[in-house]
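Have a look at the structure below before the remarks.
The values are calculated or read from the model by the stated rules, or taken from the named source; none is laboratory data. Fair warning: this is a prediction, and the values are worked out from it, not measured in the lab. A quick note on method: Cβ atoms are made from the backbone with ideal geometry, for glycine too, and the neighbour counts reach across all protein chains shown. Calculation scope for accessible area: heavy atoms of the full protein, side chains included, ligands and nucleic acids excluded. Shrake-Rupley method; radii C 1.70, N 1.55, O 1.52, S 1.80 Å.
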Amino acid sequence: MTKDLLDVLSALERKVLWLAAWMIHEANHLRENVDGLKVGGHQASSASLSTIMTALYFHVLRPQDRVAVKPHASPIFHAIQYLLGRQSRDKLAAFRGYKGAQSYPSRTKDTDDVDFSTGSVGLGVAQTLFASLVQDYVHDHGFAGDRPPGRMIALVGDAEMDEGNIFEALLEGWKQGVRNCWWIIDYNRQSLDAVVREGLWEQYEKLFRAFGWDVVILKYGVLLEEAFKKPGGDKLRAWIDHCPNQLYSALTFQGGAAWRRRLTDDLGDQGPLSAMLDALSDDDLARLMTNLAGHDLPTLLDAFGKIDHDRPTCIIAYTVKGHGLPLAGHKDNHAGLMTSAQMEILRTAMQVRPGHEWDFFEGLSLPEHELRSFLEKVPFAQGGPRRLQAARVDVPAALTVEIAPTMSTQQGFGVLLNEVGKQKSDFSDRIVTTSPDVTMSTNLGAFVNRRGLFARQPMVDTFKSERIPSTLTWEFSPKGQHMELGIAEMNLFILLSALGLSHSLFGARLFPIGTLYDPFVCRGLDALNYACYQDARFILVGTPSGITLAPEGGAHQSIGTPLIGMAQDGLAAFEPSFVDELAVILGFAFDYIQRDGEGEACERTWLRDETGGSVYLRLSTRPVEQPQRAMTPELRQGIIDGAYWMRKPGPNCQVVVAYTGAIAPEAIQAVGLMAEDRRDIGLLAVTSADRLNAGWTAASRARERGLPHARSHIERLLAEVPPHCGIVTVLDGHPATLAWLGAVAGHRTRPLGVEHFGQTGALPDLHRHYGIDANAIVAAAQAIAPGRPIRYLKAL
Ligand SMILES: Cc1ncc(C[n+]2csc(CCOP(=O)(O)OP(=O)(O)O)c2C)c(N)n1
Ligand SMILES: [Mg+2]
């Protein structure tokens, strides 16, 4: 490590700190002018990582490394990208504003190549661990070309470590043999509200070691280490080692004079030590006492340079929240914002002239050409765009399987994947399935038997080698295509997020499919949202679902997931009733998850289908009689667009029953029972309330913006239904899912579904109890479409 390198890096650190502080200051003006809101939570929090990020981005990182930056360090990240020519001044000046640099690093909204989005604390951290597992997967399967493996690095807030998903990830990482993963804990001993508990680092150390990680503790910088070596230095070390976090923070905030008072009070006259401290100015004393390793470039470079292995490594780096700023150390500084007067003090210290705030080299003592040539050679910024591309992989035009007369969609899913597993193609080799300990019970078994489980080290199935009959072969190898997870659903979603970004992170196209019991989607919901926010591409299968799981009781019955499917951006939700529908949807999904076009909405459906996204399938274990029909192109299109007429309403239609999912037999039965007493009844099969609703909203918006002919799929379907006709909607899920159908063309609507916690029972008991059986559908139709009494209603 040369002095030249240290000089350049410390100049850059100053610059980064200034730019970050300035951009937040500017952002605050932006807000104050508009609505008087204060912008907080960034200045102090980002400053504590300024030195570590300077060392990493300008020296340590390589193009293949990927980083999740702590949410509030976003200004430092953007400032660094600006200096590397990857971020524009306009975006910085509009930090937190419309189309400006994002408050929290965002893969989808920022333009400076964020590797992993962060914001909801804890998720970005776990994302690096799962990304390193995926990196191993693509390398072992030969999908990575000659790209060297990188290090997956998380910059973690110390309070962020409270998030439970981090611990779940650690355990899973241990099971899977995670490597090439660094977690650098920004140990500033402050959270949002306060100063953290004493001695947390010891707990972290024990924890990480227990999971097989190396732990590096970086506590003091070179200045303090030198002082400790001088006569009496051991007393100083003992004092600072035992100094409570609160007191340390308070003294840091107060500065040199306060440090001197306190040290004199506590240590008394210590001869040579006191003489050494007395000889320092107040500023130098403060600099010495806050010389923590996380702000000491030589210590950091040395520590990073020494990691010459691929073992997972936790680095606990002591830092000061608000380092280098007047806010440093104050426990309220998280949402604190420097006043204009404080900014002027910083400006003077940084020697930045008014009007030159954004200039690269303003206020730096090193010659411009030296800095410029250094920046041009920074290893991180070599090798072109960090976002990689993977070619589209051809997927089968149709998935054909033999459909039994009676089958559930979950069984159909198993059979379809088994079919895919049989095929020899690039496509089928790139399928990767995963499940949190419900592989068998979600019907992935047949695929896993064919394709095996993934592990870096082969492991035989002892039951198989001992010839004990079993339905599942549990054999691991580096070529296996199923990643078996422990029960933690958070891990499922974060792994899907990492697998689903493989094309962009590692240039390797994968087709990730994750299965779980539908009610437990909610357990991982924030991670699912996170995965979609990052635009990860995967197929999620929630099965079984609803009160159809009758004997399992309320704890296993999902009610609100159809609404999640509708509301979750980036996720197209389907709930088929029949296996031929599922085959069509699955075929569509394999294509849809690969799309990344920027085009306008499709004029047929008003969906943004060129852009693609992930897919959620809500399936069921209920065996349902399958329709014997040919799959026409029109039917196929209807299934994908979200609905088709199972029975087309006639011109005098009085009632339409619209159903989705496993409740189809009740809807079909009800229509049969009503046919004699209500004219021209229609039966609408809804395969995707989500896509219908999205298309309707988009087409309405298009009309309001001057495209009068815009029509969505559901608008076209309902255009044929006379205005006086009533609509009864029904599903095994929350009734709001389909209730909006009445608003499309103004039909009176009665939505049926499940609103209250489920319970154990036989399926007919529960259908009756929750009012979604044929009788309830008929009763609703009678109420909404009055006429002569429906004779079967009494008989039921
Ligand atoms: C899941 C979640 N909960 C709460 C928050 C609000 N929040 C943002 S930062 C923060 C505390 C951060 O403390 P720490 O991780 O120590 O970072 P520091 O600011 O000290 O660097 C909180 C509670 C959040 N962003 N995400
Ligand atoms: Mg903190």
Over region 385-418, the set of residues without any contact (Cβ under 8 Å) to a residue 60 or more places away in the chain and open to solvent by 40 Å² or more (accessible area, probe 1.4 Å) is Asp394, Glu402
Kindly indicate the residue of region 329-346 that is open to solvent by less than 20 Å² (accessible area, probe 1.4 Å) and away from ligand 2 (no atom under 16 Å from the Cβ) and also modelled with the lowest pLDDT among those meeting that condition.
-> Met338
Would you point out the residue of region 257-276, among those that are over 19 Å from Gly233 (Cβ atoms) and in contact with a helix residue (DSSP H, G or I) (Cβ under 7 Å, 6 or more places away or on another chain), that is surrounded by the fewest Cβ atoms within 10 Å (Cβ to Cβ)?
-> Ala257
Residue pairs qualifying under the 8 Å Cβ cut-off, at least six apart or on distinct chains, with the first in region 179-191 being hydroxyl-bearing (Ser, Thr, Tyr) and the second being within 13 Å of ligand 2 (Cβ to nearest atom) and assigned to a strand (DSSP E or B), are Tyr187/Ile316; Tyr187/Ala317; Tyr187/Tyr318; Ser191/Gly157
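For the condition within 16 Å of ligand 2 (Cβ to nearest atom), outside any strand (DSSP E or B) and either surrounded by fewer than 19 Cβ atoms within 10 Å (Cβ to Cβ) or of a type in the set (Lys, Arg) (or both), what is the one hit in Leu247, Leu192? Don't jump to the end; show me each part of the working.
Numbers: Leu247 fails: within 16 Å of ligand 2 (Cβ to nearest atom).
Within the list Leu247, Leu192, the selection yields Leu192.
Would you mind listing the helices (runs of 4 or more DSSP H) fully within region 652-761 where at least 1 residues are touching a Leu at 6+ places or on another chain (Cβ under 8 Å) and small (Gly, Ala, Ser)?
Details: elements: 664-674, 689-704, 713-719, 736-739, 741-745.
Qualifying helices (runs of 4 or more DSSP H): 664-674, 689-704, 736-739, 741-745.
Hey, which of the helices (runs of 4 or more DSSP H) in region 457-507, taking only ones fully inside, have at least 3 residues that are in contact with a Gly (Cβ under 6 Å, 6 or more places away or on another chain) and surrounded by 22 or more Cβ atoms within 10 Å (Cβ to Cβ)? Give the steps one after another, and end with the answer.
Details: elements: 462-465, 489-499, 502-505.
It comes to 489-499.
So, in region 689-720, of the ones that are more than 34 Å from the chain's Cα centre (by Cα) and either open to solvent by 10 Å² or more (accessible area, probe 1.4 Å) or among the small types (Gly, Ala, Ser) (or both), which residue ends up nearest to Arg768 (Cα to Cα)?
Looking only at region 689-720, we keep the residues that are more than 34 Å from the chain's Cα centre (by Cα), and these are 706-709, 716-720.
Filter again for either open to solvent by 10 Å² or more (accessible area, probe 1.4 Å) or among the small types (Gly, Ala, Ser) (or both), leaving 706-709, 716-717, 719-720.
Numbers: Gly706: 47, Leu707: 46, Pro708: 44, His709: 43, Arg716: 33, Leu717: 30, Ala719: 32, Glu720: 32 Å.
Looking at residues that are more than 34 Å from the chain's Cα centre (by Cα) and either open to solvent by 10 Å² or more (accessible area, probe 1.4 Å) or among the small types (Gly, Ala, Ser) (or both), I get Leu717.
Here's the yes/no breakdown for (1) within 16 Å of ligand 2 (Cβ to nearest atom); (2) of a type in the set (Val, Ile, Thr); (3) closer than 9 Å to Leu218 by Cα; (4) surrounded by 18 or more Cβ atoms within 10 Å (Cβ to Cβ):
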| site | (1), (2), (3), (4) |
| --- | --- |
| Leu288 | no, no, no, yes |
| Asn291 | no, no, no, yes |
| Leu300 | no, no, yes, yes |
| Phe304 | no, no, no, yes |
| Asp310 | no, no, no, no |
| Ile315 | yes, yes, yes, yes |
| Thr319 | yes, yes, no, yes |
| His323 | yes, no, no, yes |
| Leu327 | yes, no, no, yes |
Of the conditions (1) within 30 Å of Thr2 (Cα to Cα); (2) within 23 Å of the chain's Cα centre (by Cα), the single one that Leu56 does not satisfy is (2)
Pick out the one residue from Glu226, Glu205 that is more than 16 Å from ligand 2 (Cβ to nearest atom), without any contact (Cβ under 8 Å) to a residue 40 or more places away in the chain, open to solvent by 40 Å² or more (accessible area, probe 1.4 Å) and not hydrophobic (A, V, I, L, M, F, W, C).
-> Glu226
Hey, can you tell me all the residues within region 160-174 that are out of contact with any Asp or Glu (no Cβ under 9 Å at 6 or more places or on another chain) and either away from ligand 1 (no atom under 16 Å from the Cβ) or within 18 Å of His42 (Cα to Cα) (or both)?
-> Leu170, Leu171, Glu172, Gly173, Trp174
Would you check which residues across region 748-775 are over 37 Å from the mean Cα position of the chain (by Cα) and surrounded by 21 or more Cβ atoms within 10 Å (Cβ to Cβ) and list them?
-> Asp773, Ala774
Within the bounds of region 227-236, is there any residue that is touching a helix residue (DSSP H, G or I) at 6+ places or on another chain (Cβ under 8 Å) and within 16 Å of ligand 1 (Cβ to nearest atom)?
-> no
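Just for region 176-189: of the residues that are at positive phi and more than 16 Å from ligand 2 (Cβ to nearest atom), which one is surrounded by the fewest Cβ atoms within 10 Å (Cβ to Cβ)? Lay out the reasoning, then the answer.
Initial filter on region 176-189 (at positive phi): 177, 180, 189.
After this cut, where a residue has to be more than 16 Å from ligand 2 (Cβ to nearest atom) as well, the list is 177, 180.
Working: Gly177: 13, Asn180: 23.
Out of the qualifying residues, it is Gly177.
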Before we move on, is Thr108 open to solvent by less than 20 Å² (accessible area, probe 1.4 Å), among the hydroxyl-bearing types (Ser, Thr, Tyr) and touching a residue at least 40 places away in the same chain (Cβ under 8 Å)?
-> no
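Select from region 128-147 the residues that are open to solvent by 50 Å² or more (accessible area, probe 1.4 Å) and at pLDDT below 95 and write down the one among them that is nearest to ligand 2 (Cβ to nearest atom).
Arg147
Table: residues versus (1) charged (D, E, K, R); (2) open to solvent by 10 Å² or more (accessible area, probe 1.4 Å); (3) within 16 Å of ligand 1 (Cβ to nearest atom); (4) in contact (Cβ under 8 Å) with a residue 24 or more places away in the chain.
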site: Leu61; (1), (2), (3), (4): no, no, no, yes
site: Asp65; (1), (2), (3), (4): yes, no, no, yes
site: Pro75; (1), (2), (3), (4): no, no, yes, yes
site: Gln81; (1), (2), (3), (4): no, no, no, yes
site: Arg89; (1), (2), (3), (4): yes, yes, no, yes
site: Leu92; (1), (2), (3), (4): no, no, no, yes
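Is it the case, given these coordinates, that Asp308 is in a loop (DSSP other than H, G, I, E, B), modelled with pLDDT of 95 or more and over 30 Å from His25 (Cβ atoms)? Outline the logic, then answer.
Details: in a loop (DSSP other than H, G, I, E, B): yes; modelled with pLDDT of 95 or more: yes; over 30 Å from His25 (Cβ atoms): yes.
When the stated conditions are applied, Asp308 passes them.
Would you please name the residue that is farthest from ligand 2 (Cβ to nearest atom), looking only at residues in region 65-103 that are among the hydroxyl-bearing types (Ser, Thr, Tyr) and at pLDDT 95 or above? Before you say what the answer is, go through the steps one by one.
Let us first name the residues in region 65-103 that are among the hydroxyl-bearing types (Ser, Thr, Tyr), namely 74, 82, 88, 98, 103.
Those still in the list that are at pLDDT 95 or above too: 74, 82, 88.
Details: Ser74: 15, Tyr82: 25, Ser88: 30 Å.
The residue in question is Ser88.
Any chance you could count how many residues in region 558-581 are assigned to a loop (DSSP other than H, G, I, E, B) and either among the small types (Gly, Ala, Ser) or open to solvent by less than 10 Å² (accessible area, probe 1.4 Å) (or both)?
Of region 558-581, the ones assigned to a loop (DSSP other than H, G, I, E, B) are 558-560, 568-570, 575-578.
Okay, now just the ones that are also either among the small types (Gly, Ala, Ser) or open to solvent by less than 10 Å² (accessible area, probe 1.4 Å) (or both), so 558, 560, 570, 576-578.
Qualifying residue count, region 558-581: 6.
When you look at Asp162, is it within 16 Å of ligand 2 (Cβ to nearest atom), more than 30 Å from Leu453 (Cβ to Cβ) and exposed (fewer than 14 other Cβ atoms within 10 Å of the Cβ), yes or no?
On the way: within 16 Å of ligand 2 (Cβ to nearest atom): yes; more than 30 Å from Leu453 (Cβ to Cβ): yes; exposed (fewer than 14 other Cβ atoms within 10 Å of the Cβ): no.
When the stated conditions are applied, Asp162 does not pass them.
Among the residues of region 629-669, which ones are among the polar types (S, T, N, Q) and open to solvent by less than 10 Å² (accessible area, probe 1.4 Å)? Talk me through it step by step, then tell me what you get.
Step one: list which residues in region 629-669 are among the polar types (S, T, N, Q), which gives 632, 637, 652, 654, 660, 669.
Across region 629-669, the qualifying residue is only Thr660.
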